[in-house]
Amino acid sequence: MKKFAGTVVAMMVALIGMAGIAQTATAAGPPPPVAKNGNPVKAFATGVAVPTQIAFKGKTAFIAGGAEGKVKGGLYYVSPGSAKAKRVPGTPPIAFGVTWHKGQLYANFATSIRVFSGWTGKRFKKARTLVSLSPKRFTNFSGLEFGPNGRLYTGIGLQFDAKAGNKAYANSVVSIDPESGKIKTVSTGLRQPWMMTFVPGVSSPFVSVLGQDTPKNTEAPDLIVKATPGADFGFPRCNWSNFKTCKKKGFKQPVLALGPADPSPSPMGITAKGRKLFVALFNGMTAKTGPVGPEIIATNVNGSKISDFVTGFVAPTLLAHYQGGYLYMGDLTATVWRVKV
């Protein structure tokens, strides 16, 4: 599995390349994965083929879903007491990120971020565009999270696999004023920052970053970084295939390097419970006994004590979100699972 090299479309093609597994598993009813804490993993919602991020308004869930070709995506909602996701009326057919903040839903539709309010249970009464950039000059936004400073944080999608992008805000994590839409660069030198999470008491987000593919898929690790203001993580001059060289050049060191391996672990969703991090790995780690497969790993803010937490997914895993005592996880069986943690 390549680490989503290329444009937004190429990234989604890479994801949907695994969708045959998802469709087969869905038709048969996928078996649940297994959590290491012994608690049962149960299906929470179905119907989003490529679930990337989830947010909650009370007991109503909103799910962002990628799309490509015949596979439908967009912004979905799951009503209390229901397990079937439905499209939010009047929204675009592709979404990468979603978060709820101060009575409003913020959703990322690739090159634009919209703000919704006045949820009726079936639709939103109001919507406004916070920011919209030209596809000719911009790739896409990725996961959305609000920081303790009240600004909206997101990553910028990949343009080139092994060289710096030349489009707006390329290879960076940015923050956005939630009223004016003004964008400020936070950290740079990140090949493809994907999803992010905030830990209580920490002002900077922890971000999953997909590593360089070429010239060899096994050459560069995937990363988890803490995107501090002004930090430069080195890409493309440094891809962390050689830690000694990257540190000598003065680049900001990642919290955790995953791999290199073939297939790459490919960290996607990332979430926090206290100072513990949970990371969804599209392909999973490779143990001494062989590949583990798609999974959720647990670690801490120092990147130590890595352990398998949920394994046994029958399709690649993308979504990870902690809320209200439960860890929510989404995979390419079009299922969002949850387990008590």
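Pop a pseudo-label 7 angstrom from the Cα along the beta-carbon direction at both K249 and K163 and give the gap in nm to one decimal.
That separation, rounded to one decimal, is 1.6 nm.
Using a Cα-Cα cut-off of under 17 Å, which aspartates and glutamates could be cross-linked to K102, ignoring same-chain neighbours fewer than 8 residues away?
Output for K102: E145, D177, E179.
In which sequence would L133, L158, L332 go, from the one with the fewest C-beta neighbours within 10 Å to the one with the most?
Ranking L133, L158, L332 by Cβ neighbours within 10 Å, fewest first, gives L133, L158, L332.
Would you mind checking the pairs K86/K126; K36/K273; K86/K167; K59/K125; K226/K249; K273/K305 and listing those with alpha carbons more than 26 angstrom apart?
From K86/K126; K36/K273; K86/K167; K59/K125; K226/K249; K273/K305, over 26 Å: K86/K167.
Going out from 0 in 20 Å bins, what whole percent of all Cα-Cα distances in the chain drops into each bin?
35, 61, 5
Please arrange R191, R114, R137, R87 by counting, for each residue, the other beta carbons lying within 10 Å of its beta carbon, fewest first.
R137, R87, R114, R191
Taking 51 Å as R0, compute the FRET efficiency from the Cβ-Cβ separation of K276 and T185 and round it to 0.05.
With a Förster radius of 51 Å, E is 0.95.
Could you give the nm distance between label points at K102 and D262, where each point is 7 Å from its Cα heading toward the beta carbon?
About 5.0 nm, to one decimal.
Most exposed first by the Cβ proxy, i.e. fewest other Cβ within 10 Å, how do T228, T111, T214 rank? The partial results should precede the final answer.
Details: T228 14, T111 18, T214 11.
In increasing order of surrounding Cβ atoms, one gets T214, T228, T111.
Using a Förster radius of 30 Å, what is the FRET efficiency between T214 and K70 based on their Cβ-Cβ separation? Nearest 0.05, please.
0.55
Treating only the Cβ of Lys, Arg, Asp and Glu as charged (+1, +1, -1, -1), what charge dipole size does region 8-259 show about its Cα centre? Round to the nearest 20 debye.
My answer is approximately 540 debye.
What is the set of long-range amide H partners of F309 at a cut-off below 5 Å, with H atoms built 1.01 Å from backbone N?
I296, I297, A298
Starting at the first residue of region 98-106, write each ³J(HN,Hα) from the Karplus equation 6.51 cos²θ - 1.76 cosθ + 1.60 with θ = phi - 60°, in whole Hz, x for Gly and Pro.
The phi angles translate into 7, 8, 9, 8, 6, x, 9, 9, 9 Hz.
Rule-based calculations on the coordinates, nothing more; no lab input. What you see is a predicted model; the values in this text were computed from it and never measured. Quick reminder, even Gly has a Cβ in these numbers, built from the backbone with ideal geometry, and neighbours come from all protein chains shown.
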